[in-house]
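*Asks:* Encoded as structure tokens, here's the structure I'll be asking about.
The values are calculated or read from the model by the stated rules, or taken from the named source; none is laboratory data. Remember, predicted model here, so these are calculated numbers, not experimental data. Cβ: placed from backbone, ideal geometry, glycine included. Neighbour counts: every protein chain shown.
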Amino acid sequence: MPSHEVQVRGGSTRFHAALNRMASGDDGSMDAEWSLGQAVTTLHPISGRQVGWSQVRESFHPFSLAATDGHIRLEDQAVEVVGDLGCERRSLKLGGQPVPIDSRVTNSYRREAGDWKLVHHPSDLSPAMVAALDRLMAKAQAVK
């Protein structure tokens, strides 16, 4: 396997480790895995498109507040030197609720100062995840 593919897989491994920490309530480690510029974008399984690091970072925060005991597993990964293409199977808990998620994700990485940083993270919409977050938000509002 060419060394650039190995390096992109390393970037993907680091991103998925940060994603798993976020799925257990810690979104702080995402900063190290993303390019921090205005050109980064994401399409989450629960919402629309975010552009620029400040919007992307902020979009992870509410999820990390609700997520507990999360585990996200990458499967069927294909890597090209221009990016990371893969299918993720996810099983996580939101507020103690198991939410099975099967989504296709095509992550794009850019080499910056010798490291591969995430610049685009689009995911299929997940009705199960939207419903779980809606229930958690309604519960939180009822408590107020």
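*Asks:* Restricting to region 38-67, and then to whatever is within 17 Å of residue 132 (Cα to Cα) and in contact with a Phe, Trp or Tyr (Cβ under 9 Å, 6 or more places away or on another chain), can you tell me which residue is modelled with the lowest pLDDT?
*Replies:* 46
*Asks:* Sticking with this structure for a sec: Looking only at region 111-121, decide whether some residue is more than 25 Å from residue 3 (Cβ to Cβ) and either in contact with a Pro (Cβ under 6 Å, 6 or more places away or on another chain) or outside any helix (DSSP H, G or I) (or both).
*Replies:* Within region 111-121, none of the residues are more than 25 Å from residue 3 (Cβ to Cβ) and either in contact with a Pro (Cβ under 6 Å, 6 or more places away or on another chain) or outside any helix (DSSP H, G or I) (or both).
*Asks:* Just checking, which of 101, 72, 46 is within 14 Å of the chain's Cα centre (by Cα) and outside any strand (DSSP E or B)?
*Replies:* Going through 101, 72, 46 in turn, just one is within 14 Å of the chain's Cα centre (by Cα) and outside any strand (DSSP E or B): 46.
*Asks:* Right, next: Can you pull out the residues in region 96-144 that are β-branched (Val, Ile, Thr) and either within 20 Å of residue 34 (Cα to Cα) or touching a helix residue (DSSP H, G or I) at 6+ places or on another chain (Cβ under 9 Å) (or both)?
*Replies:* 99, 101, 105, 106, 119
*Asks:* Which residue is surrounded by the most Cβ atoms within 10 Å (Cβ to Cβ), if the candidates are limited to region 23-35 and must be touching a residue at least 24 places away in the same chain (Cβ under 8 Å) and not hydroxyl-bearing (Ser, Thr, Tyr)?
*Replies:* Ranking the candidates gives 23 first.
*Asks:* Residue by residue through region 26-43, note down the ones that are outside any loop (DSSP other than H, G, I, E, B) and either within 11 Å of the chain's Cα centre (by Cα) or more than 16 Å from residue 115 (Cβ to Cβ) (or both).
*Replies:* The answer is 28, 30, 34, 41, 42, 43.
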